[in-house]
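The values are calculated or read from the model by the stated rules, or taken from the named source; none is laboratory data. Note that the coordinates shown come from a computational prediction; the quantities given were computed from them, not determined experimentally. Positions of Cβ are backbone-derived with ideal geometry, glycine not excepted, and every protein chain shown enters the neighbour counts.
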Amino acid sequence: MDAEPGKSGLTDHYIGLMSGTSLDSIDAVLVDFADDPPRLIEAYTHPLPDALRQQLVALCQPGDDEIERMGRADMVLGELFADAVQQLLSQANLPSSEIHAIGSHGQTIRHRPEAGFTLQIGDANRIARRTGITTVTDFRRRDMAAGGQGAPLVPAFHAALFRSPDISRVVLNLGGMANITLLPADPEQPVSGYDTGPGNVLMDAWARQHLGRPLDENGTWAATGCVDEALLTHCLSDIYFRQLPPKSTGREYFNTDWLAARLIKSESKRSRSPANVQATLCELTAISVAEAIRQADTDATELLVCGGGVHNAHLLARLGAHLDSMNIIPSNERGLAADWVEAVAFAWLARETLAGRPGNLPAVTGASEAVVLGAVYQC
């Protein structure tokens, strides 16, 4: 990756902000792109207040007075994103003048590719004004304007960072949703990828409901349960898993209502315990990911895992059981810590935007052409 000087003329520092489908926190990273591969200088996680999280979850579904509620959440999130940037810079002991730009993904509250729109909030005007740093946001809609799904966007960064002429790889992001990027060693073969379905979102929701905790740490609870085959069959019969790519999805599709409908339909209610449901949801993620990789007919021998799901030991074990021919390793072993890949990707996308370079991959999103992404809030 060729370097672009930052404001000081000596650095190539960018900040990436990511608030994903899991709705648990804001990830903020400070990255130096002067080196190849880029160097992660500092990282910070800013928690989302529970009241705001509940508001955002509600906004992912149709409801009353949505515009008013969205407007208020947009302002609050913008301020929180700015807080995260300031805390990150304080940790790094760097002034804002050393940062070329911020790339902010924003918080998705509605992703409807079948209707041609997506919506991320987190007011970039407030981020730019509070921090004094040029902010790039709204990355997804330019791809949609070109006929794409607007997602996933991170595969372009996966290709820049992890593609190798020596080995074919698959990169798996296990966030709220799961998505894969196929990186063939053959440079003549295109990069491809898509959302495979739920990652952590259903498991997290079930843990919150039955354990009163935001997640099933390490998958320990799921490991105590037995897979409910009837429930698993109903879940896997969903049409999304049979759709051909390009495709993308989100919390507005895979959510507690989706799960409740399948709990009602499945037949093995007598033996159903909450732990068995959790084990089944874990198996759903593992099987849907493994099936997507097999259907891609890839010769990849390495699966790089990133995102919060990398800490779920039981989920990784189930993936290994279904993909026993692949070497499954965290992205840490290939140069970038698994927890920060997506946030770094949006720092990289901001850099691509300001350089006038396309940030989407039409083979991934289905767009008619590669386009420069994002809206720039200049400082």
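Report the residue count in the stretch 156-178 for those that are within 22 Å of residue 339 (Cα to Cα) and assigned to a loop (DSSP other than H, G, I, E, B). Full working, then the answer.
Let us first name the residues in the stretch 156-178 that are within 22 Å of residue 339 (Cα to Cα), namely 156-164, 169-178.
Filter again for assigned to a loop (DSSP other than H, G, I, E, B), leaving 163-164, 175-176.
Qualifying residue count for the region: 4.
For the stretch 361-377, a residue qualifies if it is farther than 29 Å from residue 130 by Cα and either under 20 Å from the mean Cα position of the chain (by Cα) or without any contact (Cβ under 8 Å) to a residue 12 or more places away in the chain (or both), and the qualifying residues are 361, 362, 363, 364, 365, 366, 367. Here the stretch 252-310 is the region considered, the condition is being out of contact with any helix residue (DSSP H, G or I) (no Cβ under 7 Å at 6 or more places or on another chain) and of a type in the set (Val, Ile, Thr), and the residue that is nearest to residue 202 (Cα to Cα) is 264. Of the numbered criteria (1) outside any loop (DSSP other than H, G, I, E, B); (2) at pLDDT 95 or above, the one residue 153 fails is (1).
Are any residues in the stretch 285-301 assigned to a loop (DSSP other than H, G, I, E, B) and of a type in the set (D, E, K, R), and if so, which ones? I'd like the intermediate steps shown before the answer.
Of all residues in the stretch 285-301, those assigned to a loop (DSSP other than H, G, I, E, B) come to 296-301.
Matches in the stretch 285-301: 297, 299.
Of a type in the set (Ser, Thr, Tyr) and surrounded by fewer than 24 Cβ atoms within 10 Å (Cβ to Cβ) - does that describe any residue in the stretch 136-151? Outline the logic, then answer.
Of the residues in the stretch 136-151, the ones of a type in the set (Ser, Thr, Tyr) are 137.
Within this subset, residues satisfying the condition of being surrounded by fewer than 24 Cβ atoms within 10 Å (Cβ to Cβ) are none.
No, because not a single residue in the stretch 136-151 is of a type in the set (Ser, Thr, Tyr) and surrounded by fewer than 24 Cβ atoms within 10 Å (Cβ to Cβ).
Of all the numbered requirements in (1) surrounded by fewer than 24 Cβ atoms within 10 Å (Cβ to Cβ); (2) assigned to a helix (DSSP H, G or I); (3) in the same structural domain as residue 144 (by TED's automatic domain parsing); (4) over 16 Å from the mean Cα position of the chain (by Cα), residue 351 misses one, and that requirement is (1).
The set of residues in the stretch 41-61 that are over 18 Å from the mean Cα position of the chain (by Cα) and either in a strand (DSSP E or B) or on the phi > 0 side of the Ramachandran plot (or both) comprises 41, 42.
What number of residues within the stretch 263-284 are assigned to a helix (DSSP H, G or I) and at pLDDT below 95? Step through it out loud before you land on a result.
Within the stretch 263-284, the first condition is being assigned to a helix (DSSP H, G or I), and the residues that meet it are 263-265, 274-284.
From the residues that got through so far, the ones that are at pLDDT below 95 too are 263-265.
Residues meeting the conditions: 3.
For the stretch 16-38, how many residues are under 21 Å from residue 353 (Cβ atoms) and either small (Gly, Ala, Ser) or at pLDDT 95 or above (or both)?
As a first pass, look at the stretch 16-38 and keep what is under 21 Å from residue 353 (Cβ atoms): 16-20, 26-38.
With either small (Gly, Ala, Ser) or at pLDDT 95 or above (or both) added as a condition, the list becomes 16-20, 26-34.
Number satisfying all stated conditions: 14.
Contact map, the stretch 34-62: first residue closer than 19 Å to residue 348 by Cβ, second residue of a type in the set (Gly, Ala, Ser) and assigned to a loop (DSSP other than H, G, I, E, B), Cβ cut-off under 8 Å, separation 6 or more or different chains; pairs are 34/3; 37/335; 40/337; 43/337. Tell me whether the stretch 97-112 contains one or more residues that are surrounded by fewer than 24 Cβ atoms within 10 Å (Cβ to Cβ) and under 15 Å from the mean Cα position of the chain (by Cα). Yes: one or more hits.
The number of residues in the stretch 205-237 that are in contact with a Lys or Arg (Cβ under 8 Å, 6 or more places away or on another chain), more than 21 Å from residue 23 (Cα to Cα) and part of a loop (DSSP other than H, G, I, E, B) comes to 1.
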